[in-house]
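The values are calculated or read from the model by the stated rules, or taken from the named source; none is laboratory data. This is a predicted model, so every value here is computed, not measured. Cβ placement follows ideal geometry from the backbone for every residue including glycine, while neighbour counts extend to all protein chains displayed. What goes into the accessible areas is simple: the full protein's heavy atoms, side chains included, and nothing from ligands, DNA or RNA. Shrake-Rupley method; radii C 1.70, N 1.55, O 1.52, S 1.80 Å.
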Amino acid sequence: MGIGLAIFAGILATSAAHAGPSDVRTLSEVVLASQVLDIINIQRSQHGCAPLQMDDRLFAAAQRQSEAMAREHFAGHVSPDGATPESRVKAAGYSFAIVAENIQVNTRYPLAMVEASLNAPKHRDNLFNCAYTDTGIAVVLQDDGVAVPGVPSMYKYYWTQVLAAPAVPDQAAVTEKVLALINAERAKQGCGPLQVDAKLSQAAERESRDMVTKHFFSHNDPDGATPGSRVKDTGYVYQMIGENIEVNTDTPEDAVASWMNSPGHRANILTCAFRDTGIAVAVQDDNIPVDGVPHAYKAYWTQVFALPFHGGS
């Protein structure tokens, strides 16, 4: 998988006037985050960047940090328990290539929060880094009156924004891991191991790539291609074939677990007659919605199974 690179922005504290703790508590966190995101995406568009998409896992990482700052009375990227921006995102289940975190204290309103970020060079650099595709935004109010060094006011609004881009799958590593997991399941049922076939890998890669570029999730391509036609186009001559597809699972383990929990996919995996396979994953890196596919991060997995005609391909 891709190597993680963490970029941590500096802390920004401002001393805006405050009317009281109810100002944040009476507003839904979802509304606050949505307002911040809308303002940020307008600014990003003016710099040629695609809009950020809200990600539930990154929100969980941001919420954890804001809650920790309010509870533990500190303002910083590393919490007293040693958690870092990188470790929080990993713990939330998001596999990233790059990640950054902006934090602010005592900016009460979404517009003020974004304006303060734009006036802080490191925060600004993070917001206008076009490589980031996903975000999570959270705000928590500390109203217990405990003083925090460097933070004025008895009411303290702790904002956290996490920005990230998903890791790009390593096809060779993905194939090796999925194959090992699939063959382990087949062995439990007395089936022989599958062997990776280059032509079937080509068919699987075509299906995953087409789902990404044509924005669909189905065995049948909008242009009419089917699992059978994709395999035939590679020159592989088969007696029988099968195809499993999956979306929005980040790891080989999760993809195989999802297939094993689905009767049709499980049947393909445990069909002892299959001898060859091809495995691929591709990530959609634009923000175009796909029918039936939630989530901003869309990893499209394909596994093709086949029995060659007359024992050869």
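Annotations
- Cα-based Rg of the range 118-196 normalised by 2.2 N^0.38 Å, two decimals: 2.08
- The residues neighbouring His219, those whose beta-carbon lies less than 14 Å from its own, together hold a net charge of -3 under the Lys/Arg +1, Asp/Glu -1 convention.
- Rg and Dmax over the alpha-carbon atoms of the range 51-158 stand at 13.7, 40 Å.
- 222 nm mean residue ellipticity, helices alone, for the chain (DSSP H n ≥ 4; -39,500 (n - 2.57); rounded to 500): -11500 deg cm²/dmol
- A crude spin-label estimate for the pair Met240 and Gln171, with each label 7 Å from Cα along the Cβ direction, gives 2.9 nm.
- Signed unit charges on C-beta, dipole axis of the chain, positive-most listed residue Ala100, Ala280, Ala62: Ala280
- Normalised by residue number, the volume inside the convex hull of the Cα atoms of the chain is 140 Å³ per residue.
- Residues of type lysines that Lys177 reaches as a straight line, Cα spacing below 24 Å, ignoring anything fewer than 8 places off in the same chain: Lys90, Lys188, Lys199, Lys298
- Values of log10 I(q)/I(0) for the range 167-238 across q = 0.28 Å⁻¹ run -1.18, by the Debye formula with one identical scatterer at each alpha carbon and no solvent.
- Solvent-accessible surface of the chain, averaged per residue with a 1.4 angstrom probe and all protein chains in place: 43 square angstrom.
- Positive-end residue of Val247, Ala138, Ile42, charge dipole of the chain with Cβ unit charges: Val247
- For the range 69-113, the Rg and Dmax computed from alpha carbons only, in angstrom: 12.5, 31
- Of every Cα-Cα pair in the range 139-258, the percent that sits beyond 25 Å: 46 percent
- When only the Cβ of Lys, Arg, Asp and Glu is charged (+1, +1, -1, -1), the dipole of the range 73-232 relative to its Cα centre reaches about 280 debye.
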